[in-house]
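*Asks:* First, the structure itself, so that you have it in front of you.
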Amino acid sequence: MKISEAWLKEFVAVKADAAELADRLSFAGIEVAAVLPAIPAFEKVIVGKVESLAPHPSADKLKVCQVETGKGPLVQIVCGAPNVRAGMKAPVILPGGKLPDGTVIKQAALRGVESSGMLCSAKELGLSEEASGLMALPDDAPLGTDLRTYLGGDDSIIEIEITPNRGDCLGVLGVARELGALYDLSLKQGAVPPVPAAIKDTFPVENQAPDACPVYAGRVIRGLRSDAVTPLWMRERLRRAGLRLVHPVVDVTQYVMLELGQPMHAYDLKQLSGSIVVRMAKASEQVKLLDGETHPLAADMLAIADHKHVLGVAGIMGGIESAVQPGSTDIFLEAAYFSPAAISGRSRKLGLMTDAGYRFERGVDPAGQTRALERATQLILQIAGGQPGPVTSHAEQAKIPARKPIRLRRPRLGAILGIEVADGEVNRILTRLGFQLTPDKEGWSAIPPTHRFDMEIEEDLIEEVGRVYGYDHIPPLQYPARHGMDRLPEAQVDLRRLRQVLVDRGYQEAVTYSFVDAALQLRLHGTPGIPLANPITAEMTEMRLGLWQGLLKTLHYNLSRQENRVRVFETGLRFTLQANEIKQDNCIAGLISGPQYPLQWGLKEQPADFADLKGDVEALLALAGLGGQLKAEKGTHPALHPGQGARLSLNGIELGWMGALHPGVAQALDLSQGAFLFELLLEPLLRGKIPAFEPISRFPAVRRDLAVVVAEAVSAAALLAGAREAAGSLLQDVRIFDIYRGTGIDSGRKSVALGLILQDSSRTLTDEDADAAMARVADRLRRDLGATIRD
């Protein structure tokens, strides 16, 4: 549920900003998922007025408008909106202004006619998902006023995720009540004064299902103006809550639902026959609902009907035949309390997840129906005029959930919370939350308010005291027991996960000695290790400088026993001497040798190669979100093949090595086949990133391919890096999908084909956008890498 910060503050005079409100609510158990700006980021958009318009001389669908901005002479703007007319007020963005998608408006000529700005639709300003024309502003909107200021742009939207037991917070009033308790403030609004009846008209109601509908209230209003328009302030609040506009009366019912948490429905009075009948549906019945679809009803569904047909599914959605239409002048307003058991699950059966059903399933206040009717009547009379009849309410008191007293014992409160909360603080918290308290010797007797269905037992009251008092105010206590829970930062990658990645890729873990043979170590690293004062054997005389020696010994052992497909890894310490001190580095190392896959009929046997090893290394980095940041540079290592060794780095930090085993080392170890090895420092791999949500673009991606001819010495990494940097923010991915050498390509050069995926999060890319990005990439590769474009 999305709530306007400004709307909340109309109910409770809290001075905190949206970020603080979000923190306090979250700590109190009302989870805030996000805090968003109420108005998108646009610049230099003001209120303008179309003084006159004329046909465009070269385009039938365009109009040349003379627009008053309240500052200086009239501005000429070419506009193609179908609803543009003389005298209307609409948003105007002047040259130099910026739209939410980043587009900067410039002085331009449209089909030969100068245009100094743009008249804007709500969609172009990010205020709506759809737009059929310009955003019409009220006639009293002051000319030249900054649109953000006019719309109340200082507001924020607080998005709340309500747990199933807190249906009372599915309205501004409920959340404001929580803030009143948290900040010890009284509600500025709550009670709604009744609107006196101007006529005696009522509409009869027959409640045949009091168990499912204990309360049903309604009111007739006649004589509504058919030309009424939902005011801008209400349209904005509905938009900020994520609701679309329908009709002034329907908009009012939506507004009241958001404000008070009570869903409502309005019927066109002329379409009703006989009386409203609240009853269980018949198995053979069906109804065409507001979604435009005809739905079959089940016998366990509560229906609202009249004497001729079904009007809708209670608590979920109304029917289209009795809905308020643009020409409706007489209406019947409905506000009811439907039992959660009668509504739960029916939305899913119908395939309809509605705001009303969401609230009724969790429970609405059974005492709030008349209040909602009075509030809706106020707003309807204010917007569309009319004459209201008296409110009629049909309530079965015996069927309404009773609020029984709950005992709260002072000793139990202290035992559960682990602290002593002063009696005055307990009184304040529970009273602000709406409980009726009666003190006694051991504590209190508390009667929950009608909107708190979740209050049943003593522990519920204790939780209320604890969460409003503040869990962060409860001091931590040292318990004697030791708990074996991991204390890892959220971003840290668990070493066990790294191990599991390699196991999943066919490796087996090895554990080898940290003491190694000095002669072999010198061959592998080109430098002696730290000697042991008392070696346990003649072949274990030094501390290891790396983990490869133990893995190579493991390979030799397996090959000697006809196991020619070997994949092993190890994690452990390596030891180096620096400034007369022994430095210990945690590392992970791996070795592969033999076929890519176990012997089978479906794949031709092929030896593992450098690319297989690189894929395993990148899989390790991917756990920490670092897969695309690995840099491999050709290098020389004593243990690696001169032409197949790579030095690895990560964001400028030396990470390790990988490559093919040096043939001389293989011969010295008497290995019957070659191998590929890697060794990486562990610490950079364990410093991960906390995943952050990034929305998936609703707009299609564009793929463009580019083939370039470069020198053999140009690396794939250089090509990819150049393409990424040149393409800019539109680039989502770039891959090399082909390399060609041969006829048509000069000796010492190669053709490399790049596939680029371009996409924007706020609009569909045009051919011009894609062409411009590809041109930048081609220019960069040509300039920096000597590339030529291959036709």
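The values are calculated or read from the model by the stated rules, or taken from the named source; none is laboratory data. Owing to the predicted nature of the structure, the values given are computational and were not obtained by experimental measurement. Ideal geometry is used to build each Cβ from the backbone, glycine not excepted, and the neighbour counts take in all protein chains shown. Accessible surface areas use protein heavy atoms only, side chains included; no ligands, DNA or RNA. Shrake-Rupley method; radii C 1.70, N 1.55, O 1.52, S 1.80 Å.
*Asks:* Sorting H637, H309 by accessible area (1.4 Å probe), largest first, what list results? Please list the in-between numbers first.
*Replies:* Details: H637 25, H309 65 Å².
From most exposed to least exposed: H309, H637.
*Asks:* With viscosity set to 1.567 mPa s at 4 °C, what whole-number translational diffusion coefficient in µm²/s follows for the stretch 159-269 from Stokes-Einstein and a Kirkwood radius over Cα pairs?
*Replies:* 77 µm²/s
*Asks:* Taking a probe of 1.4 angstrom, what is the accessible area of R574 in Å², to the nearest 10?
*Replies:* Counting only protein heavy atoms, the figure is 50 Å².
*Asks:* A further question on this structure: For helix 495-504, report the angle its Cα long axis makes with the longest principal axis of the Cα atoms of the chain; keep it between 0 and 90° and round to the nearest 10°.
*Replies:* 70 degrees
*Asks:* Can you give me the accessible area per residue for the chain, using a 1.4 Å probe, in Å²? Present the calculation step by step, with values, prior to reporting the outcome.
*Replies:* Numbers: 39150 Å² over 791 residues.
Spelled out: the 1.4 Å probe surface of the chain, per residue, equals 49 Å².
*Asks:* May I ask you to rank S347, S284, S226, S116 by accessible area, largest first, using a 1.4 Å probe over the protein chains only?
*Replies:* Details: S347 0, S284 105, S226 80, S116 25 Å².
I get S284, S226, S116, S347, largest accessible area first.
*Asks:* Here is a further query. How far, in degrees from 0 to 90, does helix 548-559 lean away from the longest principal axis of the Cα atoms of the chain, to the nearest 10?
*Replies:* Relative to the chain, helix 548-559 is tipped by roughly 80 degrees.
*Asks:* If you don't mind, another one. Distance cut-off 28 Å, Cα to Cα: go down the list K308/K349; K200/K308; K200/K282 and report the pairs above it.
*Replies:* K200/K282
*Asks:* If you find the alpha carbon centre of the stretch 641-680 and of the stretch 1-55, how far apart are they in angstrom?
*Replies:* About 58 Å separates the Cα centre of the stretch 641-680 from the one of the stretch 1-55.
*Asks:* Shifting gears a bit: Under a 1.4 angstrom probe, counting protein chains only, how are I757, I406 ranked by accessible area, largest first?
*Replies:* Details: I757 55, I406 10 Å².
Ranked list, largest accessible area first: I757, I406.
*Asks:* Express the Stokes-Einstein translational diffusion coefficient of the chain in µm² s⁻¹, to the nearest whole number, given a Kirkwood radius over alpha-carbon pairs, 10 °C and a viscosity of 1.306 mPa s.
*Replies:* The calculation lands on 48 µm²/s.
*Asks:* Could you work out the relative contact order of the stretch 462-571? I mean the mean sequence separation of Cα pairs under 8 Å and 6+ apart, divided by the number of residues, in percent.
*Replies:* 25 percent
*Asks:* As a check on your grasp of the helix formula, calculate [θ] at 222 nm for the chain: sum -39500 (n - 2.57) over DSSP H runs of n ≥ 4, divide by the residue count, round to the nearest 500.
*Replies:* On the way: 21 runs with 204 residues, N = 791.
Only helices count here, giving -7500 deg cm²/dmol.
*Asks:* Rounded, prolate or oblate: which fits the stretch 632-761, taking a ≥ b ≥ c as square roots of the Cα gyration tensor eigenvalues, rounded meaning a/c under 1.5, else prolate when a/b beats b/c?
*Replies:* Because a/c hits 1.5 or more and a/b fails to exceed b/c, the stretch 632-761 counts as oblate.
*Asks:* Here's another thing I want to ask about it. Could you please report the charge total around V710, scoring K, R as +1 and D, E as -1 over all other residues with beta-carbon less than 14 angstrom from its beta-carbon?
*Replies:* Taking every Cβ under 14 Å from that of V710, the sum is +3.
*Asks:* When we measure straight from the Cα of K89, which lysines land under 25 angstrom away, once same-chain ones fewer than 8 places off are left out?
*Replies:* Straight-distance partners of K89: K44, K49, K61, K63, K71, K98, K106, K123.
*Asks:* Here's a follow-up. With a point put 7 Å past each Cα toward its Cβ, work out how far F693 is from A33 in nm, to one decimal.
*Replies:* Modelled inter-label distance: 0.5 nm.
*Asks:* Between the stretch 376-431 and the stretch 752-791, how far is it from one alpha carbon centroid to the other, in angstrom?
*Replies:* First find each Cα centre; the distance between them is then 62 Å.
*Asks:* Now for a different question. Taking every DSSP beta bridge that has both residues in the stretch 492-615, what percent is antiparallel when rounded to the nearest 5?
*Replies:* Within the stretch 492-615, antiparallel bridges account for around 90 percent of the total.
*Asks:* So what is the relative contact order of the chain, in percent, for Cα pairs below 8 Å that sit 6 or more residues apart?
*Replies:* 9 percent
*Asks:* Now for a separate question. When N is the residue count of the stretch 354-484, what does its C-alpha Rg come to as a fraction of 2.2 N^0.38 Å?
*Replies:* Rounded to two decimals, the normalised Rg is 1.47.
*Asks:* Collect residues whose amide H, placed 1.01 Å from N in the peptide plane, falls under 5 Å from the amide H of V493; neighbours closer than 5 in sequence don't count.
*Replies:* Result for V493 returns R687, G688.
*Asks:* In terms of the Cα gyration tensor, with a ≥ b ≥ c the square roots of its eigenvalues, is the stretch 423-469 rounded because a/c is under 1.5, prolate because a/b exceeds b/c, or oblate? Before the final figure, lay out each step's value.
*Replies:* Working: a/c = 1.39, a/b = 1.23, b/c = 1.13.
Taking the square roots of the gyration eigenvalues as a ≥ b ≥ c, the stretch 423-469 is rounded.
*Asks:* Tally Lys/Arg at +1 and Asp/Glu at -1 over every other residue whose Cβ is under 15 Å from the Cβ of A298; what's the total?
*Replies:* Spelling it out: positives minus negatives among the neighbours equals +3.
*Asks:* Now, a different point. With just the Cα atoms defining each centre, how far is the stretch 242-270 from the stretch 299-326? Give it in Å.
*Replies:* Here the answer is 15 Å between Cα centres.
*Asks:* State the extension gain, in nm to one decimal, for the chain segment bounded by I582 and K634, taking 0.36 nm per residue of separation less the distance between their alpha-carbons.
*Replies:* Additional length available on full extension: 15.8 nm.
*Asks:* Just add up the charged neighbours of M774: K/R +1, D/E -1, any other residue whose Cβ is under 13 Å from the Cβ of M774. Present the calculation step by step, with values, prior to reporting the outcome.
*Replies:* Values: positive: R703, R704, R776, R780, R782; negative: D705, D767, E768, D769, D771, D779.
Taking every Cβ under 13 Å from that of M774, the sum is -1.
*Asks:* Classify the stretch 67-130 as rounded, prolate or oblate, taking a ≥ b ≥ c as the square roots of the eigenvalues of its Cα gyration tensor: rounded when a/c is under 1.5, otherwise prolate if a/b is larger than b/c and oblate if not.
*Replies:* Cα axes put the stretch 67-130 in the rounded bin.
*Asks:* Another question, then. For the stretch 267-350, what's the relative contact order in percent, using C-alpha pairs closer than 8 Å and at least 6 residues apart?
*Replies:* Working: 145 pairs, mean separation 27.4, N = 84.
Answer for the stretch 267-350 is 33 percent.
*Asks:* Moving on to the next point. Using alpha carbons only, how many degrees (0 to 90, rounded to 10) separate the axis of helix 716-727 from the longest principal axis of the chain?
*Replies:* 30 degrees
*Asks:* In the chain, carbon and sulfur make up what percent of the accessible area (probe 1.4 Å)?
*Replies:* 51 percent
*Asks:* Taking a probe of 1.4 angstrom, what is the accessible area of V702 in Å², to the nearest 10?
*Replies:* 40 Å²
*Asks:* Continuing with the same structure: Which GluC sites (Glu not before Pro) in the stretch 536-566 sit in a loop by DSSP (not H, G, I, E or B) and have at most 15 other Cβ atoms within 10 Å of their own Cβ? Intermediate results must be reported in sequence, preceding the final value.
*Replies:* Working: sites: E539, E542, E563; in loops: E539, E563.
When the GluC sites (Glu not before Pro) of the stretch 536-566 are filtered for loop state and at most 15 Cβ neighbours within 10 Å, E539, E563 remain.
*Asks:* Would you tell me the accessible area of T431, worked out with a 1.4 angstrom probe on the heavy atoms of the protein chains, in Å² to the nearest 10?
*Replies:* Accessible surface of T431 is approximately 80 Å².
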